[in-house]
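Have a look at the structure below before the remarks.
The values are calculated or read from the model by the stated rules, or taken from the named source; none is laboratory data. What you see is a predicted model, and the numbers here were worked out from it, not measured in a lab. Every residue, glycine as well, gets a Cβ built from its backbone with ideal geometry; the counts of neighbours run over all protein chains shown.
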Amino acid sequence: MAEPFIRVENVVKKYFRDTQALTVLDGLNLDVTGGDFVALMGPSGSGKTTLLNLIAGIDRPTTGKITVGGVNVSAMSESQLAKWRSNNIGFIFQLYNLVPVLTAYENVELPLLLQPLSRAQRKKQVELSLSVVDLADRKSHYPRQLSGGQEQRVAIARAIATDPKLLVADEPTGDLDAKSGEEILVLMERLNAEFGKTIVMVTHDPRAAARAHRLVHLDKGVLKEDITAATGKISVGVAAAAAAAVSK
Amino acid sequence: MRFLPLVFKNVLRKKTRTLLTMGSIVLPLLVICLMGTFLRALDRPDPAATRGMFRIVTRHKVGLGSLIPVTYAEKIRQLDGARAVTKFVWFGGRYRDQSSKNFFPRFAVEPETFLQVFDDAKIVRGSAEEWLSDRAGCVVGANLVKRYGWAVGDKIVLVGDIYPIKVELTVRGVFDVPDGTASALFFHRKYLEEALPAFAGTTGTIWTKCRDAASATALIDVIDRLFENSSYPTKTESEKAFQMGFVSMLGNVKLLLTAIGAVIVGVVVLIAANTMAMTARERVTEIAVLRTLGFQRSTILGMVLGESLVIALLAGGLGLALFAAVEPGLQRGLLSTPMGAFAASMRLFPEVLAVGFAVAVGVGLVAGVVPAARSAQRSIVDGLRQIA
């Protein structure tokens, strides 16, 4: 059997408030194969975002081991992690988090500034990324001049600019109306299917989860359910039912 | 360097705040440059000595309020190295009223010897002969003519405050000096002696023009030793030291100015640091996102610090340019005041400008270092959590 692209082994994550320890993830194990599209669901405080942060290397487990693409992320130094993230991870946030003083072009260029690329090479990459999200004609617009859906598409262009293998998305449709949310989900499906990106997405929305191939339910820091769609996609009904079961 | 455009974009993110922060650096920087220029002017070598004037001033050892015998002038004249000697009496008095705007130095002098000792002064209107031949005549500095619009032949009335007389003078000449500090009025000593015979044998100061710099230095000791055991011991000093003595009457001016400068720098640092901290606080999430994308802590540190530095450098450049623009006008304004001799030493001193620029850079670095370090050190997760 092939080595999984992401392997989470016995991961415990505790936060400390004064002398009180709060266990957010409690001995979690999870494997994700390359090219998969995984939805993480669960009630608030279940540890979804914490798990996403650990996989993306912006936080470290208290104990346990996380391997991404064969690299032990939990053993890396702060500086090594930063470099690794810039080459291997694309982030998509709920509130887009574009830099307001930069144009769409400049926002997408940001992660490329960390790469050893010439200005011409960066330009090529930025234009390619913007064309993938169908916003090539809005490259000189500032975030305030774009709609929420367009802002999120620019954020996705920024996430794919360095051509990372893994995209992590935290509630990517959580701040969008249904139509814009649908467009973003279609785009993410395309990135997964056409460009082979492995996607791990945190969501509360069963319709968003239904775009994934696999549904992982967390509750109180432990894995409650792990459903892999037999037909390639999770149905909305299954996602809604799973969400309801966990929240009971 | 590839992050520099981002630094500039952040500097211009809130233009009003950036401009106000720059203003909070520019204005104190002007004051610091001004004080630095004053301090430097105080330390300048004697301009009269460097122009070959070699003048020294003798007064009573106790102070300017005590008079010395006029016979001292003749004794000094006979010393080796003394080329010419003249006597000054501070008349003071009031012109028009007692307001400070109508204050200017007024002396009773011996015109013949005065012109020998102050041979750098040139009569630019009227003539020395007219002054010499008119006992009620006076010469006035070119700066006073500019201030009051006097012309040769005009009458000037001075009402004594030290001496209980009123002197009515006629302008017989206008003089100017190379350093542009001609802001005094000189009239015949005989006028005063005739009106107040009791003062005839005394004088306030004796000015000696020496043969050369070595003679001037030597004569300072020789003169004071000559009179040290008399009833009227003297203190002799260079013209520059004598003029600076008036400034020192204000107390330890250098210490005072330096202390004020230090306080101003401290206040500016606090203001700028507060602004930078506010700027960094507002961008906690944005900085967390940059770090998520792979920006190293050191890059974030450099960017936030760079922002503070750019603001300080722009403010520093603007402050120095403004100071360079206003300094000549300030000097012109002071030349016609009792601080004229001091103002003549004022320049755009490169070392003062360098210190001003260094202060601006220092303010930028100190103000930015704490917010920059905090921004770089904050955990990404904490930063992203502030989205909500």
Quiz item: Within the stretch A:185-207, can you find the residues that are under 13 Å from the mean Cα position of the chain (by Cα) and not charged (D, E, K, R)?
Solution: A:185, A:188, A:191, A:192, A:198, A:199, A:200, A:201, A:202, A:203
Quiz item: Somewhere in the stretch B:75-84, is a residue out of contact with any Leu (no Cβ under 9 Å at 6 or more places or on another chain) and among the acidic types (Asp, Glu)?
Solution: no
Practice problem: Would you point out which residue out of B:41, B:48 is out of contact with any Phe, Trp or Tyr (no Cβ under 7 Å at 6 or more places or on another chain) and modelled with pLDDT under 95? | Solution: B:48
Quiz item: If you take the residues of the stretch B:51-60 that are assigned to a loop (DSSP other than H, G, I, E, B) and either over 16 Å from residue B:208 (Cβ atoms) or not small (Gly, Ala, Ser) (or both), which of them is modelled with the lowest pLDDT?
Solution: B:51
Quiz item: Would the stretch B:374-388 turn up any residue that is out of contact with any Asp or Glu (no Cβ under 7 Å at 6 or more places or on another chain), closer than 26 Å to residue A:81 by Cα and more than 14 Å from every other protein chain (Cβ to nearest Cβ)?
Solution: yes
Exercise. Return yes or no: is residue A:80 within 14 Å of chain B (Cβ to nearest Cβ), more than 18 Å from the chain's Cα centre (by Cα) and touching a residue at least 12 places away in the same chain (Cβ under 8 Å)?
Key: no
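Please determine whether any residue of the stretch B:287-299 is modelled with pLDDT of 85 or more, loosely packed, with under 14 Cβ neighbours inside 10 Å, of a type in the set (S, T, N, Q) and over 15 Å from residue B:28 (Cβ atoms).
yes
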Self-check item: Single residue of the stretch A:192-214 satisfying the filter (in contact with a Phe, Trp or Tyr (Cβ under 9 Å, 6 or more places away or on another chain) and of a type in the set (A, V, I, L, M)) that is surrounded by the fewest Cβ atoms within 10 Å (Cβ to Cβ)
Solution: A:193
Quiz item: For the subset of the stretch A:83-92 comprising residues that are within 7 Å of chain B (Cβ to nearest Cβ) and buried (at least 18 other Cβ atoms within 10 Å of the Cβ), which member is nearest to residue A:151 (Cα to Cα)?
Solution: A:91
Quiz item: Restricting the stretch B:91-129 to residues that are free of Cβ contacts under 8 Å to residues at least 60 places away in the same chain and in a helix (DSSP H, G or I), which is surrounded by the most Cβ atoms within 10 Å (Cβ to Cβ)?
Solution: B:115
Quiz item: For the stretch A:93-114, which residues satisfy the criterion of being without any contact (Cβ under 8 Å) to a residue 60 or more places away in the chain, surrounded by 16 or more Cβ atoms within 10 Å (Cβ to Cβ) and outside any helix (DSSP H, G or I)?
Solution: A:97, A:99, A:101, A:102, A:103
Quiz item: Of all helices (runs of 4 or more DSSP H) completely enclosed by the stretch B:290-388, which ones contain at least 1 residues that are within 30 Å of residue A:50 (Cα to Cα) and in contact with a Pro (Cβ under 9 Å, 6 or more places away or on another chain)?
Solution: B:297-335
Practice problem: Of the conditions (1) touching a strand residue (DSSP E or B) at 6+ places or on another chain (Cβ under 6 Å); (2) closer than 21 Å to residue B:55 by Cβ, residue B:143 clears all except one; give me its number. | Solution: (1)
Practice problem: Considering every residue within the stretch B:20-43, establish whether at least one is acidic (Asp, Glu) and part of a loop (DSSP other than H, G, I, E, B). | Solution: no
Practice problem: For residue B:278, indicate whether it is within 20 Å of residue B:369 (Cα to Cα), of a type outside the set (Lys, Arg) and within 12 Å of chain A (Cβ to nearest Cβ). | Solution: no
Exercise. Determine which member of the set A:233, A:224 is of a type in the set (Lys, Arg), surrounded by 15 or more Cβ atoms within 10 Å (Cβ to Cβ), modelled with pLDDT under 80 and not in a helix (DSSP H, G or I).
Key: A:233
Quiz item: Taking the stretch A:27-77 on its own, how many of its residues are away from chain B (no Cβ under 14 Å), closer than 13 Å to residue A:223 by Cβ and hydrophobic (A, V, I, L, M, F, W, C)?
Solution: 6
Practice problem: Sort through B:253, B:263, B:268 and tell me the only one that's closer than 30 Å to residue B:3 by Cβ, away from chain A (no Cβ under 14 Å) and either surrounded by 14 or more Cβ atoms within 10 Å (Cβ to Cβ) or not hydroxyl-bearing (Ser, Thr, Tyr) (or both). | Solution: B:268
